[in-house]
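Undergrad: Below you will find the structure I want to go over with you.
The values are calculated or read from the model by the stated rules, or taken from the named source; none is laboratory data. Since the structure is predicted, the reported quantities are computational estimates derived from the model, not experimental observations. Neighbour counts are summed over all protein chains in view; Cβ atoms, including those assigned to glycine, are modelled from backbone coordinates with ideal geometry.
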Amino acid sequence: MKFLHKTFEIKKKEIIEVHIDKSTKVKFLTGRDMKAYKQGKTHTYYGGTYDESPVRFVVPFDAVWNVVVEKGSFREPLDVEATCGVLPPNSTVRSSIAADAPEHVRLAARAEEADDLASEINLAGKSEG
């Protein structure tokens, strides 16, 4: 298993932004899950396969977070380049949705975007006077 890895100690609502040069799997893991991942054991992660860059992850709780960019499999390695960093909290930034996310996750994200668009339209339509 080959992968790129970076660790951040960050607070809730801060944003991890990852730039990838090709479609690959990006995982966001806590310290315990990172240890299990390295040992090839069952682990839990946020993220998935992303086709476009940047990938943004809004941190759900304070912790040491690990970013893993997978470089394919042992038999089919990928030559992937990635950079990542932390952005300050921003209420207008949403987490990126993985291409392989379950359908209910993608539907919830679309509904949230539609609500945001509707509120923007409503705000634009108000006038004073």
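Undergrad: Of the residues that make up region 91-102, is at least one assigned to a loop (DSSP other than H, G, I, E, B), among the hydrophobic types (A, V, I, L, M, F, W, C) and either in contact with an Asp or Glu (Cβ under 6 Å, 6 or more places away or on another chain) or without any contact (Cβ under 8 Å) to a residue 12 or more places away in the chain (or both)?
TA: Scanning region 91-102, I find at least one residue that is assigned to a loop (DSSP other than H, G, I, E, B), among the hydrophobic types (A, V, I, L, M, F, W, C) and either in contact with an Asp or Glu (Cβ under 6 Å, 6 or more places away or on another chain) or without any contact (Cβ under 8 Å) to a residue 12 or more places away in the chain (or both), so the answer is yes.
Undergrad: Can you tell me which residue within region 28-48, out of those that are in contact with a helix residue (DSSP H, G or I) (Cβ under 7 Å, 6 or more places away or on another chain) and not aliphatic (A, V, I, L, M), is farthest from V58 (Cα to Cα)?
TA: Among those that are in contact with a helix residue (DSSP H, G or I) (Cβ under 7 Å, 6 or more places away or on another chain) and not aliphatic (A, V, I, L, M), it is T42.
Undergrad: Follow-up. Within region 23-43, which residues are surrounded by 12 or more Cβ atoms within 10 Å (Cβ to Cβ), over 15 Å from the mean Cα position of the chain (by Cα) and part of a loop (DSSP other than H, G, I, E, B)?
TA: H43
Undergrad: Being at pLDDT below 80 and closer than 22 Å to T24 by Cβ is the filter here; which residues of region 103-129 pass it?
TA: Once the filter is applied, which keeps residues that are at pLDDT below 80 and closer than 22 Å to T24 by Cβ, region 103-129 yields V105, R106, A109.
Undergrad: Go over the candidates E9, E70, E76, E17 one by one and state the one that is in contact (Cβ under 8 Å) with a residue 40 or more places away in the chain and more than 27 Å from A108 (Cβ to Cβ).
TA: When all the criteria are applied, what remains is E9.
Undergrad: Can you pull out the residues in region 57-67 that are within 25 Å of R106 (Cα to Cα) and either in contact with a Phe, Trp or Tyr (Cβ under 6 Å, 6 or more places away or on another chain) or surrounded by 15 or more Cβ atoms within 10 Å (Cβ to Cβ) (or both)?
TA: Selection gives F57, V58, V59, W65, N66, V67.
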